[in-house]
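Written out below as structure tokens is the structure these notes cover.
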Amino acid sequence: MFRTFSKRAGLLAAATVSALALASCSQGASGDGGSGDSDTIRVGFSQLGAESGWRTANTESVKASLTEDAGFDLTFVDAQQKQENQIKALRDFIDQDVDVIAFSPVIETGWDEVLQDIKDSGIPVVLVDRTVTTTVEDPYVTWIGADFRLEGEMAGEWVAENHPDAKIFQLQGTLGSGAQVDREEGFEAAVGADAIIGEATGNFTRAEGKVAVEAALQAYPDMDMIFAHNDDMGLGAVEAIEAAGLTPGEDIKIVTVDAVRDGLQALKDGKFNYVVECNPVFGDQLAELIKQVVAEEDVPLETVVVDKTFDQSITQEELDARLY
Ligand code: GYE
């Protein structure tokens, strides 16, 4: 098994390349009509689920960009966070002989067979959001998503600087997903493994995040900091902490990733302490990449969506500007 691309080495370069690529691709898109080929692009998109505010915003962004008016015929299938559903959708897309298969893999491994079959069918793959680890060579043409490791690192750096003695409980995303594996790696590199006194998964959902923190409050009475791999699980943690008669943001500090509106509201209310953004609104960039792939133009192997960070000094204006 090997990772299909080197994230760490390539990210900065990729960010630069992608900015250039995007600049040139808007010219390319307007030039498309000139070729006289106005065929609709048939895209099969396997979304991994609807587990979080991030995912909902990402789905909306993809659907808003891959429209008929923009030249797409989109088949969108929600896998409800089950890999077998995704594999079935991918096989259906092969049978439908779509022009492009796009998917956001729920976990990193277990795709070898289906990726090989897609490759044999000659349909190009555009990987969205999460990453894969596979033995298939050149399994996709291009990937667009966030630098999860850097997100974890930014969260960890804030903790190390502001609360160096924190006793941290890590609320992990779906185990084996790129977002969980890499955020954890980046966070631990910044705070040091010893600072983390316990961890459990909340599968990126509010409900499971709450259950995990209820158990953690019993198991780790010393914990005074939670690093949640997304806002939704952090909001579940808030519920569990308040139900236990404690004050989130004070007795137990909370650091999260995503920066959806509900998360930033919790930050403004003092219940979260720090939020690292993961921007889900990249449907337009995805649409342009797909057009380029179909036109057989050169595309960057990676397009990294750039993230910001927020602390409790967030203003009402910044909050109001958040559309998702
Ligand atoms: O952070 C989380 C979602 O893969 C970036 O998945 C995505 C993550 C996101 O469920 O909220």
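The values are calculated or read from the model by the stated rules, or taken from the named source; none is laboratory data. In this text the structure is predicted, and so the values were computed from the model without any measurement. Every residue, glycine as well, gets a Cβ built from its backbone with ideal geometry; the counts of neighbours run over all protein chains shown.
Among the residues of the stretch 46-71, how many are away from the ligand (no atom under 16 Å from the Cβ) and either part of a helix (DSSP H, G or I) or farther than 19 Å from VAL305 by Cβ (or both)?
The qualifying residues number 8.
Against the condition surrounded by fewer than 17 Cβ atoms within 10 Å (Cβ to Cβ), within 23 Å of ALA155 (Cα to Cα) and not aromatic (Phe, Trp, Tyr), how does ASP311 come out, does it pass?
Yes.
Please list, ordered by residue number, the strands (runs of 3 or more DSSP E) wholly in the stretch 74-147 having 1 or more residues that are of a type in the set (Phe, Trp, Tyr).
In the stretch 74-147, the matching strands (runs of 3 or more DSSP E) lie at 100-103, 142-146.
Quick one: would you say ASP165 is modelled with pLDDT of 95 or more and either within 13 Å of the ligand (Cβ to nearest atom) or under 27 Å from LYS119 (Cα atoms) (or both)?
Against the criterion (modelled with pLDDT of 95 or more and either within 13 Å of the ligand (Cβ to nearest atom) or under 27 Å from LYS119 (Cα atoms) (or both)), ASP165 does not qualify.
Being touching a Lys or Arg at 6+ places or on another chain (Cβ under 7 Å) and within 16 Å of the ligand (Cβ to nearest atom) is the filter here; which residues of the stretch 75-105 pass it?
SER104, PRO105
Can you name every one of the strands (runs of 3 or more DSSP E) wholly within the stretch 169-278 that holds 1 or more residues which are within 11 Å of the ligand (Cβ to nearest atom)?
225-228, 253-258, 274-277
Looking only at the stretch 96-115, decide whether some residue is over 23 Å from GLY186 (Cβ atoms), modelled with pLDDT of 95 or more and within 16 Å of the chain's Cα centre (by Cα).
The answer is yes; a qualifying residue exists.
Is there a residue in the stretch 67-78 that is farther than 26 Å from ASP298 by Cα and in contact (Cβ under 8 Å) with a residue 60 or more places away in the chain?
The answer is no, given that none of the residues of the stretch 67-78 is farther than 26 Å from ASP298 by Cα and in contact (Cβ under 8 Å) with a residue 60 or more places away in the chain.
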